[in-house]
Structure formats: structure tokens, C-alpha cells
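Worksheet: the structure to be examined is printed underneath.
Every number here is computed from the coordinates shown, using simple stated rules; none is lab data. Small disclaimer: the values here were computed from a predicted structure and weren't measured. Counting neighbours? That spans all protein chains shown, and the Cβs are built from the backbone with ideal geometry, glycine included.
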């Protein structure tokens, strides 16, 4: 079997363009992957076009390790989110092909079922004004759907520091959410790398009273020493990793003791096998995996397969239930969240398909999403 082509399909939404890919073969089997990344779509599509000619077309989709290495090594420039996103998409699509060819779901090919069910947490649900009453009301809609965990970034714009007034407003939002959902629902706090270590520690200590499940990316992602400073001073588990790529970037953070919960993203970090290697490194140091997924439904499906076959898997991030309805409709077959847990995937490969007619109805949208602007939480392209 040989790969004959790689074709992108782009689904436009209010704040991002979701990039799917189809990897076609000479035996009429097609694999599906995803290469979504906000504000870098042009780079991803351009690199995909070149990489498919240099490395992908003519390759055997079963030889996943060889194809990945050629894409990573032979273009010389290592890492970089554009390259690793394309590599991840192609690798995931190859596993979809392998599953279809063998009649097996991907999780069975990568270790088999390690969990009866996967706990899910909701994200993307707070697209309202940054007012306690509105955040509380929206949080109640999340738990009404059966979710037993949710994530929130309560913070407004800020670089390294925030005003006292802004810090207090953010804490009021968290307090309102905790009051709304009660003590038994897990709340994860997201920082999106806004703060200096000093500010992150100041805010983290004030967050402790709300008993968060974790404090995510409290400082920018590049510096293990800065993250460890927060880890040593704040009594909340530290989560990070969505902006670390391939197995080569994770050891520094794991070895330094800076992170408790590893949030590698399957469509940015390198795909299934790279995620398994990262998970093994984390497991060797008794850390757990909670992969990042604010992407599209193909990423959700791939993350779920990875979760079911990975022993040190903690919880699955779900955005798809809180976005435009056509996002889920574009990818039939993605397992649903039922009473706060993800269903076991069925069907060979990823068990999904693409509704190409629907995708054509929502084409690429030109826009810029600035996560550090006022009202960013409403998740709309800048006007």
C-alpha cells in the first residue's frame, strides 16, 4: 500500500479555522487527520503542500516511524509548531488507515483498552461577559449536561502583571463558579502563560481556597525554571505542555519537577506514537497525562483513542459540545460525553468520517483571534 495524495479541508468557525486532512492510498483506503492551529493556518497549509511532495506521497502508511523521522529530520529545521502539526496530522491519518486495513480501532493497535471509561471536562463554555452572575449561570449549564469537571480562564488581558482590580475580578469569577457548581465538581484554572513567576505565585496562593484540580500554564511555556518556581510555592497541581512539541522538549520540565500534569496535544506534539513516548516518560516519574484539546473533532477522536490505551491518562478535554453545531456535525462518529464520561470508540481506525458537503458550506474565514485582548473569552475573530 502506498500513499497517493494528501488533501486539506478547511472548516470555518467564529474564531478559528479547523483544518482536516485526508490521506489517500492506492488501495482505496483513506485516513483522516487534523492540523488545526489558530493564526498559523497559512503556514500549515503551505508546509503540508511541500511535505507531501518531499516525504508523504509514495510512502507506506504502515511505516509510521520511518515517515515521521523523515519528515522531522530530513527537512533539517527541527520542531516548530507548523511542522509538528503537519507531521501529527499525517501520522494520525496513517493510524486511521492501519485501523481500517486491519479492521481494528486505533486504541487496540496501540496497547488495547486500559480504562473502562474516560472522565471528560468541559472547556469553551464561558463565552459571556466577565461577570460573576453570567459565569455562574453558564457553569450550571455545563453541569446540567452531566459534566463533573470544567476548565476556565478567568483572567483578562495581561502580560506578566495584572492590576489589583483585575486580579480581584478574576477571583470573583472563580468564586462564583465554585458557588454555582458546588464542592464536588472539579474546576481547572487556565492561565494561558500570562504571568511572571511572582504574579503567578501571588494569584495561585489566592486560588487555593477554591480547591482547583490544577493551575494550568501559569507562566509562559518556554522556561522550566520559571514554572518550577510556581510549583514550589503554590499548593495546587501544576499543568502544562500544550506548547511543547515532540518528546525532545518534555524531559527538561519533567526532570526539573516543574509539572504534575502533562498536557501534550496530539495534533501538535507529533501524533500517536510521540504521545505514547511522552506518556511513558511522564509515567516513569509518576506524572499523569491530560492532553490539551481546544481543536476540532478529529483531534477529539484521536485524543480519546490515545486516552483509552494509556494507563496514566487523567481526563479528556472537550470543546466540541460548546461551539457551533456544525463543528460536531462535520465529523460523524466521534464518541459522545455521557454523564461526564467519554464513550469507548467503535469501528475500525478512528471510527469517524468527514461530512465534506457540510464542510464546504462553512469555508475558510479570514480573521485573527487574540487571546490576550479584551473580551477574548467570547471567542470571536477580531473585527
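Build a GNM of the chain with springs between Cα atoms under 10 Å: which of 299, 309, 94 gets the top mean-square fluctuation?
309
Using per-residue counts of other Cβ atoms within 10 Å, averaged over each peptide, order 22-32, 189-199 from highest down.
Ranked from most to least packed, the peptides come out as 189-199, 22-32.
If packing is taken as the average count of other Cβ atoms within 10 Å, what order do 345-351, 313-319, 180-186 fall into, highest mean first?
Peptide ranking by packing, descending: 313-319, 345-351, 180-186.
Grab every C-alpha pair in the chain, bin the distances at 20 angstrom width from 0 up to the longest one, and report whole percents.
Cα pair-distance distribution for the chain, in percent: 29, 60, 10, 0.
Ranked by Cβ crowding within 10 angstrom, fewest neighbours first, how are 328, 205 ordered?
Fewest-to-most ranking of 328, 205: 205, 328.
Which residue fluctuates the most in the chain, going by a Gaussian network model with Cα springs under 10 Å, if the choices are 357, 179, 320?
Between 357, 179, 320, it is 357 that shows the largest mean-square fluctuation.
Could you state the angle between the C-alpha long axis of helix 272-284 and the longest principal axis of the C-alpha atoms of the chain, as a value from 0 to 90 degrees rounded to the nearest 10?
Helix 272-284 sits roughly 50 degrees off the main axis of the chain.
Using the count of nearby Cβ atoms within 10 Å as a rough guide to exposure, how do 34, 232 rank from fewest to most?
The order, fewest Cβ neighbours first, is 232, 34.
Rank the residues 210, 322, 155 as a footprinting-exposure proxy: fewest other Cβ atoms within 10 Å of their Cβ go first.
Exposure proxy ranking, most exposed first: 210, 322, 155.
Nearest 10 degrees is fine. How inclined is helix 41-51 to the longest principal axis of the chain, computing both from alpha carbons?
30
If you bin the C-alpha pair distances of the stretch 3-103 every 10 Å from 0, what whole percents do you get?
Values per bin, smallest distances first: 16, 51, 27, 5.
Relative to the compact globular guide of 2.2 N^0.38 Å, what is the alpha carbon radius of gyration of the stretch 204-305, as a ratio?
Relative to the 2.2 N^0.38 Å estimate, the stretch 204-305 comes out at 1.05.
For the chain, set up a Gaussian network in which alpha carbons nearer than 10 Å are linked by springs, and say which option among 122, 301, 176 fluctuates the most.
Residue with maximal mean-square fluctuation among 122, 301, 176: 176.
If the viscosity is 1.306 mPa s and the temperature 10 °C, what Stokes-Einstein diffusion coefficient in µm²/s follows for the stretch 250-337 when Rh is the Kirkwood radius over Cα pairs?
Approximately 118 µm²/s, per Stokes-Einstein.
With only alpha-carbon atoms in the gyration tensor, what are the semi-axes of the equivalent ellipsoid for the stretch 26-162, in Å, largest first?
The equivalent ellipsoid of the stretch 26-162 has semi-axes of 37, 23, 12 Å.
Starting with the highest mean, order 157-169, 75-87, 39-51 by the number of other Cβ atoms within 10 Å, averaged over the residues of each peptide.
The densest-packed peptide leads the list: 75-87, 39-51, 157-169.
Let me have the relative contact order for the chain, percent, based on Cα pairs under 8 Å that are six or more residues apart.
Reported relative contact order: 22 percent.
Just how far, in whole angstrom, is the stretch 61-114 from the stretch 212-290 if you go by their alpha carbon centroids?
Between the Cα centres of the stretch 212-290 and the stretch 61-114 lies a distance of 21 Å.
What is the Rg over Rh value, at two decimals, for the stretch 57-132, using alpha-carbon atoms and the Kirkwood definition of Rh?
1.15
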